[in-house]
Number of protein chains: 2
Amino acid sequence: MSTEIERKFLVAKLPDLSGADKAVVRQGYLTAPDDSTELRLRQKNDKFFLTLKGGGTMVRVEREAEISSEQFETFWPETAGRRVEKERYTGQLPDGRVYELDVFLGDLAPLRLVEVEFQTEAEASAYTPPDWFGADVTADKRYKNKTMATSGVPA
Amino acid sequence: MSTEIERKFLVAKLPDLSGADKAVVRQGYLTAPDDSTELRLRQKNDKFFLTLKGGGTMVRVEREAEISSEQFETFWPETAGRRVEKERYTGQLPDGRVYELDVFLGDLAPLRLVEVEFQTEAEASAYTPPDWFGADVTADKRYKNKTMATSGVPA
């Protein structure tokens, strides 16, 4: 299991993205939120993946296989109403930290979120975000990709 | 949608199978019976498939993709407790009709079922099975593969 210490923020204004890496990401769920198993299709640029997350709360098994674009397209229509599509920009802040900025497309536009990862919780708590970051939504579950896939942008 | 007119029987005693085609079939469900979507993994000899059946009663969307053995093996462990494994013998009866005889393996052994397909319902009703066929279980839902995958052989 990987544990990530991250903080997530709204974006007050877009930074200069000319130095950032851009990826087009779309993901959709074949299963409904209440189903016992989660099956997710994901495209990142020209790579495609199918990921299964098992039921259970303490330990959730995760299995992932790379799939072909044809396999992806076969099942993608069944994710209608349960999708997140976004451009992900990965760049570096002046303090050297890496940020991941998601510019949502489709039903979730024009939402934008930015995440920064930390080594320790103390580091995360002490962090002062740059001025282009907006409100801290780290603890707001409504901003989870999986939740937004079915519930849309929080009101 | 394909409509099949079939009758399904237990097997009183195995016929001579020397002229029959044999296939090894295993299938398992990634989703639980109450989930909104059904995702099934299936191996037939050296071919592997992932099949999705959408929710809904009147019309159920079905989408299938051939997958690699590696993709199959990645997800197969998650079908534990929801599997059917069998040898399928396809042969011809003296009257020219094709039969499909399933010899179940694993948890469902030593169950055996045989199916015959018909062009019309009248033909199906009038059919007199050969003496190696056992009880007619066509209408008994407990003998559906999907049901047996989780509930086992009917008591």
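Summarise the accessible area of the protein assembly as shown (1.4 Å probe, protein heavy atoms) by the percent that is carbon and sulfur.
For the protein assembly as shown, the apolar C and S fraction of the accessible surface comes to 48 percent.
Can you list the residues of segment A:1-44 with backbone N under 13 Å from a point 7 Å past the Cα of residue A:117, pointing along Cα to Cβ?
Counting backbone N atoms under 13 Å from the label point, the list is A:2-7.
Calculate, for residue B:22 and residue A:47, the FRET efficiency according to 1/(1 + (r/R0)^6) with r their C-beta to C-beta distance and R0 41 Å; round to the nearest 0.05.
In this case the efficiency is close to 0.60.
Rounded to the nearest whole Å², what accessible area per residue is found for chain B with the 1.4 Å probe?
55
Which value results when the Cα radius of gyration for chain A is divided by 2.2 N^0.38 Å?
Ratio of Rg to 2.2 N^0.38 Å for chain A: 1.09.
Just to be sure I understand the curve: with the Debye formula and one point per C-alpha of segment B:8-84, what is log10 I(q)/I(0) at q = 0.20, 0.26 Å⁻¹?
Result of the Debye calculation: -0.93, -1.17.
Run the quick spin-label model on residue A:93 and residue A:125: label points 7 Å from Cα toward the beta carbon, then report their separation in nm to one decimal.
With each label placed 7 Å out from Cα toward Cβ, I get 1.8 nm.
Give the interface area between chains B and A as buried accessible surface, both sides summed, probe 1.4 Å, in Å² to the nearest 100.
1800
As a check on your grasp of the helix formula, calculate [θ] at 222 nm for chain B: sum -39500 (n - 2.57) over DSSP H runs of n ≥ 4, divide by the residue count, round to the nearest 500.
Values: 3 runs with 20 residues, N = 155.
The per-residue figure over chain B is -3000 deg cm²/dmol.
Along each of its three principal axes, how wide is the spread of alpha-carbon positions in the protein assembly as shown, in whole angstrom units, largest first?
The Cα atoms of the protein assembly as shown stretch 83, 34, 30 Å along the principal axes, largest first.
As a quick test, which of the pairs A:8/A:53; A:86/B:47; A:146/B:146 have an alpha carbon distance above 25 angstrom in this structure? Can you show the working numbers first?
Working: A:8/A:53 23 Å; A:86/B:47 35 Å; A:146/B:146 29 Å.
Where the Cα-Cα span goes over 25 Å, the pairs concerned are A:86/B:47; A:146/B:146.
Hey, which aspartates and glutamates would be in cross-link range of residue B:144, C-alpha to C-alpha under 14 Å, not counting anything within fewer than 8 residues on its own chain?
Excluding near neighbours in sequence, the set is B:6, B:85, B:102, B:115, B:136.
Copy-to-copy spacing for residue A:6, label 7 Å out on the Cα-to-C-beta vector, in nm, shortest first?
Residue A:6 label point versus its equivalents elsewhere: 4.5 nm.
The values are calculated or read from the model by the stated rules, or taken from the named source; none is laboratory data. Quick caveat: nothing in here was measured; it's all calculated off a predicted structure. Cβ: placed from backbone, ideal geometry, glycine included. Neighbour counts: every protein chain shown. Accessible surface areas use protein heavy atoms only, side chains included; no ligands, DNA or RNA. Shrake-Rupley method; radii C 1.70, N 1.55, O 1.52, S 1.80 Å.
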